[in-house]
Structure formats: structure tokens, C-alpha cells
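Read the structure below first, then the notes.
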Amino acid sequence: MEAPAFAERAPGDRPPCSRPLQPEPGQEAAPAVPCGQDDSGQKRRPRRLPCGSRPHSLLLQPRPCLTRYCRARGSSGPRQLPHQLLVYERVRGSGLTRAGIMLDVASLGQGFDPPHQSDTRTIYIANRFPQNGLYTPQKFVDNRIVSSKYTVWNFVPKNLFEQFRRVANFYFLIIFLVQLMIDTPTSPITSGLPLFFVITVTAIKQGYEDWLRHISDNEVNGAPVYVVRSGGLVKTRSKNIRVGDIVRIAKDEIFPADLVLLSSDRLDGSCHVTTASLDGETNLKTHVAVPETAALRTVANLDALTAVVECQQPEADLYRFMGRMIITQQMEEIVRPSGPESLLLRGARLKNTKEIFGVAIYTGMETKMALNYKSKSQKRSAVEKSMNTFLIIYLIILISEAIISTILKYTWQAEEKWDEPWYNQKTEHQRNSSKILRFISDFLAFLVLYNFIIPISLYVTVEMQKFLGSFFIGWDLDLYHEESDQKAQVNTSDLNEELGQVDYVFTDKTGTLTENEMQFRECSINGMKYQEVNGRLVPEGPTPDSPDGSLSYLNSLPHLNSVSHLTSSSSFGTSPDSETELIKEHDLFFKAVSLCHTVQISSAQPDGVGDGPWQSSLAPPRLEYYASSPDEKALVEAAARIGIVFIGHSEETMEVKTLGKLERYKLLHLLEFDSDRRRMSVIVQAPSGEKLLFAKGAESSILPKCVGGEIEKTRIHVDEFALKGLRTLCVAYRKFTYKEYEDIDRRLFEARTALQQREEKLADVFQFIERDLVLLGATAVEDRLQDRVRETIEALRLAGIKVWVLTGDKHETAVSVSLSCGHFHRTMNILELINQKSDSECAEQLRQLARRITEDHVIQHGLVVDGTSLSLALREHEKLFMDVCKNCSAVLCCRMAPLQKAKVIRLIKISPEKPITLAVGDGANDVSMIQEAHVGIGIMGKEGRQAARNSDYAIARFKFLSKLLFVHGHFYYIRIATLVQYFFYKNVCFITPQFLYQFYCLFSQQTLYDSVYLTLYNICFTSLPILIYSLLEQHIDPHVLQNKPTLYRDISKNRLLSIRTFLYWTILGFSHAFIFFFGSYFLIGKDISLLGNGQMFGNWTFGTLVFTVMVITVTVKMALETHFWTWINHLVTWGSIVFYFVFSLFYGGILWPFLGSQNMYFVFIQLLSSGSAWFAIILMVVTCLFLDIVKKVFDRQLHPTSTEKAQLTETNSSIECLDSMCCFPEGEAACASVGRVLERVLGRCSPAHGSRSWSASDPFCTNDRSILTLSTMDSSTC
């Protein structure tokens, strides 16, 4: 056995505890005694520290007793203390005092850092600071929660700074400033007004959202609380709580700060809380106070408390807390460790406890809740990246046009007659100015003239489209789960279109593909397998005395039957002595299951202690268990059905009834579960006085620690359970001698009270304790698949999406579930990369797999890889591993740690193809992969809400993923892709005539359009049709999209925003612009008798004609792109054209007094009075759109996509009464009259005649109540 840490000392030093302290004047010297003994020679336990002898390196100032000690040794301060100082105390009373603390004085020799410079903080409870003048008060934040970004004073500058960080906004700001500084052809209003509009709209939106946050903050900060001050309870506001205040919380109230529990109305100082608002876990969690403060249940006692809490600085981890409490009682300091079990988090709610008192240690923005609400890293969609690329291309076009115009201007002016014509003489200043400056000035002027080719309103339109469009997901009733009353949630609207671009889906297994509702099915006890049948434990296979093998375990227990009965009818067929031993093993197995857990029982239920129904019945009286892990709950409930019932906690004991007999076990230590150990343990003291350790965990973490029991048989049984798709846990125990327990008790106390590297020290101690185990057996629980998982995975495969399952389960269980859910299927060639021990072995296995994929003539391959082999593969063989994975249709990664899941996704993300990844998970262990993937989907399951909180989208069931991707993702991508392309198209149409016009005005920078038209083109005349299109467009029926997952392939790889498509829209814009300009020029440009009075068209009339044709053409072009027409589409499409005409008539028909010059006065009215103008408008609009229509027709006939084929099929075979407007599940809808008319005319609108391309039996169309179809059609009726 290792020598205890306190025995270490520097060479030549005497044992520190045998060196006598020098007495103070008037005191006797304490005699030297051997280490570890008291003056009577008896062994003693570590002692309470004398006043001032504070352990560890957290001493703020030299304490009096340490200073006295140092001076007695002839030194001037703590720097010359001996290497280690241990202070001991005798065992007093019952001997239940905790182990003491080692004071590492060597660490003090490094000096005393103030707390704010270290990783720890010191809190004086009730703010009772030392009066010796040596204490320097620490500064802590107040308890205000600030979720808002702005204040009244900083809103304008901060918001403007954030908005002008966007490239487009900053660009238009520069253009606006250029217009102010130099003589430009257009008014600064043309750039300033759109920029002002965009900035104002965004500022109003952000300001309103921040105002709502201010209201919420004020409500939280102003909540009334009660604080112990001056010997009484004082009512104050939450924002006035200070660190160190003692706060009183009543039942069902929310904790206003992070508190360390001091006492409750219970004798043991425990309380129950629920953290549903923090992590979504609805189970009750038990928190306990240290014994010294648990007894202080009155305000007076608490106000007299003298104690200090030393703990770590604030951090975001909800489940991690390290600290200790030093209580001064009778001039002695008692040190108690403080961990997560005593920390009450802000936002949690007190349940089943009348009241508690706690000391505030973290307040305001330093609470764990506030730290967890920090914004995540921003994800950018592929569409946004394409949009930025297009903006750069258009910026190059803009600069090129400006340079060409400037060069041509100076080329033209090389001739003297054009340089200074008689009607435009230069001033003396212009003649003497620098040519370079003139060139730059002209270049900037052309830049201003053409700057509208960059669509500033694109950004605000995209923002509105994403924000408003995200509501459709929450409104979709097909994504609503009635059983749990949960609808889909959108946590970020920036990635809506990314749902239509997914190439890889990475999914967790437990709780995502499965229900996470565990049912106990089988177990292995001492090498024998048993099944649970109707609440009875049945040995597997027939036995001599029970041919059907149905003899229950209960019937074999001596509690119910006599030994003679066991001898005659026991299913074990052994002698009475061996039967008794076997039954003891079974008892011990289920007692381990009943004791090794963190399950809680609602206090509303009867305790069951003493007389009552327990004495007359084996069945538990409707106890309601709460557990953070469904496995634990299933196992405790199974043990209760067998007859060993966990009743609950009472003070420091755990109560169990074994077939009616009450047994109390004292809970000494709980060794919490963690993902590295993959096991948990409890140390209890049995009624007989024995000290036992019960451990349970994954077989890979338990079996290597076992030295006894049926290890090999149990290993075989665990593998058999896993092949059936069951989740397995192994159970083991260990007995401690008195000396062994004393040693581990001391080690645990030292590790738990360490403020530095506590987690590492605890891990070492846990490894030391959890060894030399005796295996009791294994459990197997079933986690059944969620509804329609197989169909969803198959649909994803048909859509061209590769599905990877990343799970922490063992290999056999994971493979079995993959086969049952359709991830792997029977015809697939399964390849394995498991149990690799070295890099070379892993590389060779990967090469073999690559050869097999090449040589095997199998259409589909599946790959299974475990966590250990994956680590080796990712270390040096990434490329080889990726080559194998890319050739596999399905990949299963088992025994995965959370960070390994994220690494796998990152490996796929950075591969040369740059695929779009989507991660689906339901637990806290899935958060890392959800945040790593391009799109993170959280399942609102039973493992809390951390995954849902950290995801981009949250759904209740895995089956909803198909509609989320195939319908919503498809629609969002089509809409925003068309929006982006259309915006660039209409701006090319807008500014190209301006560029062409310069060739006809000697590049004099004369504008073609009026300034008002320049300003309102993108804001009013053409903005609404594309916005409504981007919100409501359905180019194909949602049912068809969901029934035909292959249609998803048509939009994959960002095809609608490819360079080819971009060039088509750009060329289309240029061609339309040429038709606008030259059509107007050749049709009416040289005709002098177009007006009734013989007056010819002027400059503004010509520009207005071009602008009118342009507005009508781009609006009708949008109408041609629209497949799904609603009254809103009709209103904004035709209404935009009408609004343009009405506005132009009013703008040009009235002399507005506030306009300095009005070039457009009476121009529009004169234009419309000309028949030639109307003819030109109609001819040019038809010419532009005719070419586009011809191209679409030829494309659909010669090279139709799958989507276009589906549109034709839908048109020919489906019901033509606006799809789901004919049949309604109940009553008559508003469109019933339309249905009756169509039924009479077409004879196809009744259920008897209707023929659709989907059916009620189709796995992807059961009951469409989607907001997308704007109806409530029941497919079983249609």
C-alpha cells in the first residue's frame, strides 16, 4: 500500500507533527508526540484546525497562530514554515468527525496572492469580515441580470458601429460621403435614403428586441426576496443581493442567485430542487447542507454564524463546483468540503421543501445561468457565402464599369471640340486642376452613378425572410408531438435554407433513434441468466422441477418459503446450503441495484416506514421515482417488482424493504458517475456494520476491475444481451476492512477539499477505491425504437444523405439497433474497424477494408468503428479512413466519447468536398457535435434540454426530421436562392441602361432616371413581390416532396446558386436591360411626332419610359417564377405595378413646394398620353419575357429535372382544386363552395373520383395539418 501523503517530508526534517510548538508567554510547552498518536499513545484522527490555522494556499493574510509558530521558530513570517504542517484532533464522541486537511505550507512559501488574482474567491458569510485590519475587501458584481445589449446612452453609437461592420452598409456609407464631398451626378439622397431606411429598420428591430430584454431584466431584478440582516429577515429586491448575504427561499420559489445551502426545514439539512429551466431535467435533485450549518434553522442562529466559504471563481459548467466551508465553533475551525450537491443554481426552483437558507456566492452576471447564456459562435449558411461571392463579383463589375466610363470619357475628350464645347465652357479652376485629381473625381462620380448595382436592400430583405419564415416551422402541426405537448422550436433563423443542403446526418442513438424509455428485460446473476416475465424473475430455459421454466425468483426466496420448499421445488437444483448462498447472492445483487443510484422519490408519496401496506403486500404502493437517467429508474423499479424496494433517503441513510423487512443502510460516500470512468459507486454501511462498496457501469469499466465472481460467464451473457439490442450494465461490490475504509475516507476528504486540481485528485482516488471488485452480475434493459425511425432513415438514404450513427454504446448493442432501425440492412456488407491496438495495425486494417470495398461486388457497404480504433485512425491515417468512409453507405461509430463525435464531424466538414453536415442528439453529451455541425438539431427528449438549448432547431421526435429537411428545407432553399438571384437580376436591369446611356451623353455623368426613382426602386416598387414569394412559395406540393425524397437531390450541392445559374440570371438581366434601353431608343428615340402637340420626347421622358418598362418586366418576371398563388401574391404583384403608376401620376402631376427642382413635372402624364409609348411598353415587356418563357419550355421538354417531372405528374394526376381544398376531416371549410363547383364541372373533387399520388398508408403522409398547405386536410379522407 502506498505511504500516506502526510508522511512525506524533506530529508533531515523531523516529523512535523512531532515538533513541539513554542509556548506563548504564560503557557506550558506542548510535549512532542509521535505522528498519528495522541498523548496517551492511541491512534487519533485528523483534528479540527486551531483558530486561524487555515488550510491550503488560500490564506489571504498571515494568520496569528501561523505567525506565532514562525516567530517561535526564529523566522519572520510564513515563508520559512516547515514543509508540511498537520494538525490533529482526538476522536471525540461517536467518532463520526471527518478526516482533517493537510496544510501544504510549502505552497504558502510562494506568497499570498489576493483572491481576485487567483482561481479562487473567499466569501464571509453574512459579510462578517475580520476585524484585525489585515483583510482587504474583495469586489464582487451585484446581482443584476443584464441580458440587454444597449442602454439609452450607448444605443445609437453601438448600434451604428455594429451595423456599419457589414460590408454592404459600410460601402454605401462611403458612397454617400463621396456624394457629399464631390460634385456627383446624383443627389446624396439617392444613396442616403436607402441606407437610412435599412439602418433605421434594423435599428428599430434590434431596439425593440432589446427593449423587451430590458423589461424582462427589470422584472427579474425587481423580484422581492428576503435576506438575513441585523438579526432579522429584511425584504429587498433581487438586484440588491450581495455576495455573502444569507437568503431565505420558500417552497416553489426560484433561487435569485447561486447559493450554497446552509440549512432547511428538514433535520438533515436537505432540500429538493428542479432544474428544468436550466437543463430541462424535471426530476427532483437532492441538495444537502453540511452538518454544522444544517442545525441552524432559525434566523437568530444563522445571524450568529461565523463561517467562510472558499470556492473557485465563476465558470459556466452547471455540474461542476469546488469549494469548502470553514466554520468557527468554540474558537476552533471545522473544514467541510462543498461540491455540486450543496450548490443551488440561480433559475432552479425549490420543491417539496418548506424553506431553505443559503449564502450567495455568485451573483448577477457571474451566476452559472448567466454564464451559460453567452452567445455561441455564429454559423454561416452556404447561401450566405454564395451571396458574398456574388457581391464581390458585382463589385468587380461596378468598378469595371466605372473605370471603362472614366477612360472612355477622357478618350472622347482628347478631341478639343469635345473637351470644351461652346455650351459647356470650363472655369479657370477646372483648367488648372490636376489631371490625376480630375480622373479620381470622375471615377468616384461614375462609381456613385452605378452603385445601385449593389443591392443594399438585399440584406434587409434576407433578414426579414429568414426571421418571418422561421415561424412556419413552429406553426407546422405535423411537427407537433401531442403526447409531450411539444412543437418544433427555431433557435436561430440564419440557417433555414441550410436544411435543404444536408449531405451527412450524424445522429445519436439513445433517446434520438430510441425512446429512452427503459424497460428491464433480463439479467445475469452469478453466471445465470434470468428474464422478467409479468413481474417475476424467471431462469432462462426449462428446469427439472418446472418444465416451462416459469418458476419465479420470488418463489425461491426464503423470505416467503421454507427451506424444505426450496429443497423440493427450487429451480436451481442445488443443496440447501448452496441454495442459501445462491439466494444471498441474488439478494446482494438486487440490493446493489436498489442502493447504487441517485434516484429520488417524491415526498408527496408515503414513506412506507413502519406498519402499513408494506407489511402485507410485496407490491410497492405506487411510489413515483425520479431519476436523471432512465436506466437507473428502470433498474430501481425492476428491483421493487422483484421484492427489494428502495423507499428513499432519511437523513444520511438509504432505506430498503426486502420482502417487507425494513433495512437501513448508512450512505457514507457517493462516487458520482462521469463519462471518463463510465461507472458510479456508493459506499454504505450495512445494518450489520459492514462497509460495502457497490459499483455499476459499462462492462468495459467494471470487468477489468473485478477479481472475483463469474467474470467470463457474465461477459458472454453481456454480449448476448447486446446482440438483442439491449443496454447493459455490470454490477459489482467490495467489502472494506476498518483500516481500508479509514484510508479511503481520508483520501476522499483530502481530494474533495482541495481547491487546486480537485477533479484530477478525485479521479485518482476513485481509481484507488474502485478496484478488487467482486462481480455480482449484469443487467439488460430495452430501449425501444421511436416511431417511424426506419422509414425516416430510408428516406434520408433515398435523398442522397449519408447517415452516421455516433453512440457510446458497446459494439454489439449498437450493431443490433442499427440493423433494427434500417441504418444497416441484411444485404449490406458490414466492415469492421474495432479493437485496434496500434497505429500500424490500424493502418493495415484500413488498407484491407479499402481493398475489400474495391474487390467486393456489393452495391452497399457499412462500416463499424469503435472509439479506440477511431482515435488511432484520426491520429495519422485521416485520408485513408475518409476514403473508406466515403465508399460506405452507412457508418456506425460505437464507444464514442462526446469530443470524438465532434472530431468526426469536423473531419467530414473540412474534407475537400466541403459537405454540409447535420447533427441530431438529445443529451448533454451531444452538445459538442451539435455545435460543431453546420446544422444542429436537438431532440426534446428525456435526457434534459441541454441539446435542445444548444441546437439551431429542436424537434420532439426523430421522425420529424424528414419533413424538416424534405419540405421546409426544400422550400427555404428554393425561396432564398431565387430571392438572391432575382435581386441581382433586377439591379442589373436597373443600372445597365444607366451605363449604356453614358455612350449617348459623352460620359457627362448625366443620370437617366430621376433621383426619386433611383431611391424608391428597391425600397417600394420591386421589394414586396419577392419578399412575399420568399415567404409563401411552394413550387411543388408538400406531400409530393415528402413522399419522393429523391427530389431533395435536385437542390443539393447548392445547385440553384451555382456559377452557371448565377451567370444565367446575370446574362438575363443584361439582355433585358439592353432590350429596355435600345428598344426605347429605336422605337421612339428619333420620332418627333409621338406626342399629340407634335412635341418630341425629352431626356426625362425617355428615362421614365425605360424605367416603366423595367418595373413592369421585373415584376411580371417574378410572377412567372411563382408557382403557388395566394391572394397575398396577387395583391403585392399587381399592386406594385399599380402603386408605381399611381405614385408617378401624383409625383409628376403636382408641383410639390418642398422640392427645389421638379424635373418630372407632367412628364409621366405626357408619356401615358402617347399611344406609341403604350405600344413600346407592351412590345418590350412581351419581348423580354417571351425569350425567358421559350427557354423554360425547351428546358422542361428536353432536360427536365426530377422536380419538374413531379410538377407535371402532380398537375396531370392530382386533384386540381388547390390540392387540399376538397376534403376536410370535419364539417365544411371556407373553400367548400369552390370544391362543389369544381366537383360539378370536373367530376373529380369527391373522394370517389379524387386520385392523388400519395395515400394514407404511405409512411411519409399520415395526416398533413401543415400551415404550409393552408388547410387541414386528412389524407385518409382524400
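The values are calculated or read from the model by the stated rules, or taken from the named source; none is laboratory data. All values reported here derive from a predicted model rather than from experimental measurement. Glycine gets a Cβ as well: all are built from the backbone with ideal geometry, and neighbour counts include every protein chain shown. For the accessible areas, the whole protein counts, side chains as well, though only heavy atoms, and no ligand, DNA or RNA atoms are used. Shrake-Rupley method; radii C 1.70, N 1.55, O 1.52, S 1.80 Å.
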What about Arg346, is it in a loop (DSSP other than H, G, I, E, B), modelled with pLDDT of 85 or more and of a type outside the set (Gly, Ala, Ser)?
-> yes
Would a scan of the range 794-810 turn up a residue that is surrounded by 22 or more Cβ atoms within 10 Å (Cβ to Cβ), modelled with pLDDT under 80 and outside any strand (DSSP E or B)?
-> yes
Scanning for something touching a strand residue (DSSP E or B) at 6+ places or on another chain (Cβ under 7 Å), open to solvent by less than 10 Å² (accessible area, probe 1.4 Å) and more than 30 Å from Thr728 (Cα to Cα), does the range 926-933 turn up at least one residue?
-> no
Determine whether the range 1120-1129 contains at least one residue that is touching a helix residue (DSSP H, G or I) at 6+ places or on another chain (Cβ under 9 Å), at pLDDT 85 or above, among the charged types (D, E, K, R) and surrounded by 21 or more Cβ atoms within 10 Å (Cβ to Cβ).
-> no
Considering only the range 736-793, state which residues are within 32 Å of the chain's Cα centre (by Cα), surrounded by fewer than 20 Cβ atoms within 10 Å (Cβ to Cβ), hydrophobic (A, V, I, L, M, F, W, C) and not in a helix (DSSP H, G or I).
-> Leu755, Leu785
Does Val891 satisfy the criteria of being crowded, with 24+ Cβ neighbours inside 10 Å, at pLDDT 85 or above and over 12 Å from the mean Cα position of the chain (by Cα)?
-> yes
Looking across the range 903-925 at residues that are in a loop (DSSP other than H, G, I, E, B) and among the hydrophobic types (A, V, I, L, M, F, W, C), the single one that is nearest to Glu878 (Cα to Cα) is Ile910
Options Asp252, Asp303, Asp265; residue that is closer than 22 Å to Ser338 by Cβ and either in contact with a Leu (Cβ under 7 Å, 6 or more places away or on another chain) or open to solvent by 60 Å² or more (accessible area, probe 1.4 Å) (or both) | Asp265
Checking Phe196, Phe161 in turn, the sole residue that is under 29 Å from the mean Cα position of the chain (by Cα), open to solvent by 20 Å² or more (accessible area, probe 1.4 Å) and at pLDDT 80 or above turns out to be Phe161
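Criterion first (at pLDDT below 90 and within 52 Å of the chain's Cα centre (by Cα)) does Pro421 satisfy it?
Judged against the criteria, Pro421 is not a match.
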Can you tell which of Ser524, Ser570, Ser552, Ser556 is over 34 Å from the mean Cα position of the chain (by Cα), modelled with pLDDT of 75 or more, among the hydroxyl-bearing types (Ser, Thr, Tyr) and crowded, with 19+ Cβ neighbours inside 10 Å?
-> Ser524
Find all pairs meeting these conditions: Cβ atoms under 8 angstrom apart; at least six residues apart or on different chains; first residue within the range 118-142 and within 14 Å of Ile327 (Cα to Cα); second residue modelled with pLDDT under 70 and surrounded by fewer than 16 Cβ atoms within 10 Å (Cβ to Cβ).
-> Phe129/Tyr135
Which number in (1) assigned to a helix (DSSP H, G or I); (2) under 40 Å from the mean Cα position of the chain (by Cα) marks the one condition that Thr190 misses?
-> (2)
Among the numbered criteria (1) surrounded by 13 or more Cβ atoms within 10 Å (Cβ to Cβ); (2) in contact (Cβ under 8 Å) with a residue 24 or more places away in the chain; (3) within 30 Å of Ala445 (Cβ to Cβ), which single criterion is violated by Leu173?
-> (2)
Members of the range 670-686 that are more than 30 Å from Pro539 (Cα to Cα) and assigned to a loop (DSSP other than H, G, I, E, B) = Ser675, Asp676, Arg677
Among the candidates Phe439, Phe446, which residue alone is farther than 24 Å from Gln206 by Cα, surrounded by fewer than 17 Cβ atoms within 10 Å (Cβ to Cβ), of a type in the set (Phe, Trp, Tyr) and touching a residue at least 12 places away in the same chain (Cβ under 8 Å)?
-> Phe439
Look through the range 687-703, keep the residues that are in a strand (DSSP E or B) and touching a helix residue (DSSP H, G or I) at 6+ places or on another chain (Cβ under 6 Å), and return whichever of them is farthest from Tyr741 (Cα to Cα).
-> Phe694
Leading residue by the ranking (modelled with the highest pLDDT) among those in the range 349-376 that are over 23 Å from Ile145 (Cβ atoms) and either assigned to a helix (DSSP H, G or I) or open to solvent by 10 Å² or more (accessible area, probe 1.4 Å) (or both) | Glu355
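Quick check on my filter: what residues within the range 655-669 are in a strand (DSSP E or B) and more than 14 Å from Lys691 (Cβ to Cβ)?
Of everything in the range 655-669, those that are in a strand (DSSP E or B) and more than 14 Å from Lys691 (Cβ to Cβ) turn out to be Glu655, Val656, Lys657, Thr658, Lys661, Leu662, Glu663, Arg664.
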Got a sec? Which of Val864, Val858 is open to solvent by less than 10 Å² (accessible area, probe 1.4 Å) and aliphatic (A, V, I, L, M)?
-> Val864
Given Ser869, Ser820, Ser816, Ser838, which one is surrounded by fewer than 13 Cβ atoms within 10 Å (Cβ to Cβ) and under 24 Å from Ala897 (Cα atoms)?
-> Ser838
Per the filter on the range 980-1004, residues open to solvent by less than 10 Å² (accessible area, probe 1.4 Å), farther than 19 Å from Tyr394 by Cβ and assigned to a helix (DSSP H, G or I) are none
Residue check for Ser928: assigned to a helix (DSSP H, G or I) and within 26 Å of His825 (Cβ to Cβ) = no
Is one or more of the residues making up the range 626-649 within 30 Å of Pro291 (Cα to Cα), among the β-branched types (Val, Ile, Thr), open to solvent by 20 Å² or more (accessible area, probe 1.4 Å) and modelled with pLDDT of 80 or more?
-> no
In the range 470-491, which residues are open to solvent by less than 30 Å² (accessible area, probe 1.4 Å) and outside any helix (DSSP H, G or I)?
-> Ser470, Asp476, His481, Gln486, Ala488
In the range 675-708, which residue that is open to solvent by 50 Å² or more (accessible area, probe 1.4 Å) and closer than 17 Å to Arg727 by Cα is farthest from the chain's Cα centre (by Cα)?
-> Ser700
Which residue pairs have Cβ atoms under 7 Å apart, sit 6 or more places apart or on different chains, and have a first residue in the range 1195-1224 that is surrounded by 14 or more Cβ atoms within 10 Å (Cβ to Cβ) and at pLDDT 50 or above and a second that is among the acidic types (Asp, Glu) and not in a helix (DSSP H, G or I)?
-> Glu1210/Asp1037
Hits in the range 227-247 (condition: assigned to a strand (DSSP E or B), over 17 Å from Ala307 (Cβ atoms) and open to solvent by less than 70 Å² (accessible area, probe 1.4 Å)) | Gly232, Val234, Thr236
Counting just the residues of the range 313-340 that are open to solvent by 20 Å² or more (accessible area, probe 1.4 Å) and not in a loop (DSSP other than H, G, I, E, B), which one comes out farthest from Thr363 (Cα to Cα)?
-> Glu332
